[in-house]
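The values are calculated or read from the model by the stated rules, or taken from the named source; none is laboratory data. Note that the structure is a prediction, hence the values are computed from the model and not measured. Cβ sites come from the backbone with ideal geometry, for glycine too, and all protein chains shown count toward neighbours. Side chains are part of the model used for accessible areas, which takes the heavy atoms of the whole protein and leaves out ligands, DNA and RNA. Shrake-Rupley method; radii C 1.70, N 1.55, O 1.52, S 1.80 Å.
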Amino acid sequence: MSKGEPKRAVITGITGQDGSYLAELLLDKGYRVFGFARQESWFRSAVFAQLGTRIEMLFGDLVVAEDISSAVEEAKPDEIYNLASQSRPGESWAHPTETMMINGLGPVLLFDAVRRVRPRCRVFHASSSEMFGRTTSWPQNEHTPFDAANPYAAAKVYAHQMARIYRQSYGMFISCGILFNHESERRPVHFLSQKVAYGAACAALGILDSPGLNERGRPIVQGGKLFLGMLEVFRDWGYAPDFVEAMWRMLQQDNPEDFVIGTGQLHSLRDLCAVAYGSVGLDWNDFVASDPALVRPLESGRTLADSSLAHARLGWKPSVNFESMVSKMVDVQKQRLMKIQNTLPGSL
Ligand code: NAP
């Protein structure tokens, strides 16, 4: 970067939840932002609709070595944020090979392109709390051993280890964020938190069969009921904009390091349902049921973040609490559904 020129950043996975928030954050900070995405996804995305004219696009697939290599050559980035992923652990059972390619091999192709083409570029890589899986060590920090419980997590462990190997072998600046669950109103409806927010919004509006479909192609809400998998699930759920702030801070450090990023607050799925339905004055017990067909073959344990290193080194802490986040998600879902109702009266 020459003096006076803006920093250049590439975001892979720019069409996703985190990509959209990170693009906004970096543009606000005066960065020149390059997005890396599959072409068909980009033109369908909300990020394109909102920020399309401010982002320079490099089209490609993370699992194609030439695509990521040319993107690094063309963008000449100072920073790369690798967010691209098959990011649904539950879905990874159905597509274990594809998940390994995108979540395991893809990051290595990226690290290697940076090593060859732009070795001084700083890289953030999105690792996941799912890597802790069934660990009995609690809460989890940067030293907790991994115990992956699904193909998504196993692929993330591989990429995480390769990030460390590239960092140590080649002196590269690669930092991994071991990210605990983070949600927002921008989460697609097939993610658990958003499904619950959507279910609560449907209940508030008296919608018995929802227009939105679940992973089995059925309405998310059927006959007034929201069907979920196992209800005995415990997670540390934070707000996505807080997490992209942590990603950026990680690349502003003097040295690369891995950080656990999470709120340190544990909530059950029942809590999530109680807050979501409670925010519209309803009792979730009347609207939510468990469907054994949606239960994962092996459930991860109680993952809870110990983010003291991020607090100490990055000055990072979450700014939005669980209750405010969930209420906001329900509210936004309600507005979206009302818009559909108004466009197509009688359609819901
Ligand atoms: P997301 O909304 O699902 O976004 C994933 C992005 O990856 C999408 O833009 C997707 O593009 C892109 N992608 C998938 N396969 C690709 C490929 N082969 N080539 C190029 N792009 C590809 O995920 P997110 O919630 O923003 O999460 C960001 C990162 O954090 C992910 O790596 C995720 O695993 C990790 N993480 C997230 C959480 C969380 O709770 N959100 C927790 C832990 C870790 P398409 O539109 O083309 O599919």
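Data overview
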{"item": "Given (1) farther than 25 Å from T303 by Cα; (2) open to solvent by less than 10 Å² (accessible area, probe 1.4 Å); (3) under 21 Å from the mean Cα position of the chain (by Cα); (4) of a type outside the set (D, E, K, R), number of the condition H125 does not satisfy", "result": "(1)"}
{"item": "Region 31-49 residues that are at negative phi, paired with ones that are near the ligand (Cβ under 8 Å from one of its atoms) and aliphatic (A, V, I, L, M) (beta carbon under 7 Å, 6 or more apart)", "result": "G35/I14; F36/I14; A37/I14; V47/I14"}
{"item": "Candidates R44, R38 - the one that is exposed (fewer than 13 other Cβ atoms within 10 Å of the Cβ), within 8 Å of the ligand (Cβ to nearest atom) and farther than 19 Å from A246 by Cα", "result": "R44"}
{"item": "Test result for H182, near the ligand (Cβ under 10 Å from one of its atoms) and either surrounded by fewer than 21 Cβ atoms within 10 Å (Cβ to Cβ) or without any contact (Cβ under 8 Å) to a residue 24 or more places away in the chain (or both)", "result": "no"}
{"item": "Residue satisfying all of: in region 190-212; surrounded by fewer than 20 Cβ atoms within 10 Å (Cβ to Cβ), among the hydrophobic types (A, V, I, L, M, F, W, C) and assigned to a loop (DSSP other than H, G, I, E, B); farthest from the chain's Cα centre (by Cα) among these", "result": "L208"}
{"item": "Residue count, region 210-252 (criterion: at pLDDT 95 or above and charged (D, E, K, R))", "result": "5"}
{"item": "Residue list for region 303-337, restricted to those being free of Cβ contacts under 8 Å to residues at least 24 places away in the same chain and either among the aliphatic types (A, V, I, L, M) or buried (at least 17 other Cβ atoms within 10 Å of the Cβ) (or both)", "result": "A312"}
{"item": "Residue within region 41-50 that is in the same structural domain as F243 (by TED's automatic domain parsing) and in contact with a Leu (Cβ under 9 Å, 6 or more places away or on another chain) present", "result": "no"}
